[in-house]
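Peer 1: Structure in C-alpha cells, see below.
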Amino acid sequence: MSYTNATPQGVFDLTEEEIAAKQAQEAVTISEEPNRVREKRNALLAESDWTQITDATVDKTAWATYRQSLRDITTHSNFPNLEEADWPTAP
C-alpha cells in the first residue's frame, strides 16, 4: 500500500517510519470498532430498559424483539463495520 501526504506545497511519499506509524494507528482504530459498536448497543439497550417493566403500556413483544436484535448485533454479517441501516429500528 502506498501512503502520501498532501500539503499546500505538494504531495509527498511518506517515509517508512511515517508509514509504520500510520499503519499502527489504523490497526488501533480497527481494533476499537467492535468496542464502539458494543457501547452503542449497550446504550440503546439501557435506553429501552423501561419497556420491560410490568407497568409499561407498550407492545412488549415488539420491544423484546428489538432488544434481542440489539443483543445479536455482534453476529451481523457486517460486524463490526455496521452502517446505520444495519441497526434494528425501535418500535
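Where a number appears in this text, it was derived from the coordinates with a stated rule and is not lab data. Treat the numbers as computed from the prediction; the structure is a model and nothing was measured. Neighbour counts run over all protein chains shown; Cβ positions are idealised from the backbone, glycine included.
Peer 1: Going by how many other Cβ atoms sit within 10 Å of their own, how do Ser48, Ser77 line up, fewest first?
Peer 2: Ser77, Ser48
Peer 1: Just want the ordering: Asp86, Asp49, from fewest to most Cβ atoms lying within 10 Å of their own Cβ.
Peer 2: Details: Asp86 13, Asp49 10.
Fewest-to-most Cβ neighbours within 10 Å comes out as Asp49, Asp86.
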